[in-house]
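Okay, so here's the structure we're looking at.
What follows is calculated from the coordinates using simple rules that are stated; it is not laboratory data. Source: prediction; values computed, not measured. Please note: Cβ atoms are built from the backbone with ideal geometry, for glycine as well, and neighbour counts cover all protein chains shown.
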């Protein structure tokens, strides 16, 4: 992150095959995470996949005038 703008995503290979079931987790207007996730970015909206899911995709807006922050996650089991 550079300020609030998204600059990169660190990806890794899963040791097991990822499931085909997925869901879009929006957090562009409010937090969307489990209470035990902790407040890892005080004052900013946060999205976090469930403990049995992984992040398979990230969506953000980079248009002029936007804060260029992540808006949604694709979570897969």
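A few comments on the model shown:
- Cβ-derived FRET efficiency at R0 25 Å, residue 41 paired with residue 14, nearest 0.05: 0.50
- In this calculation the C-beta distance from residue 7 to residue 74 is compared with R0 = 30 Å, giving a FRET efficiency of 0.95.
- Whether the chain is rounded, prolate or oblate, judged on the alpha carbon gyration tensor where a/c under 1.5 counts as rounded: prolate
- Footprinting exposure proxy for 8, 67 (fewest neighbouring C-beta atoms within 10 Å first): 8, 67
- Short-range pairs are left out: with C-alpha atoms under 8 Å and at least six residues apart, the relative contact order of the chain is 38 percent.
- Across 56, 34, 17, mean-square fluctuation computed from a Gaussian network of the chain (C-alpha pairs under 10 Å connected) peaks at 17.
- Backbone N atoms of the range 4-37 closer than 16 Å to the 7 Å Cα→Cβ label point of residue 56 belong to residues 12-26.
- Proxy reagent accessibility, fewest Cβ within 10 Å first, across 25, 73, 18: 18, 25, 73
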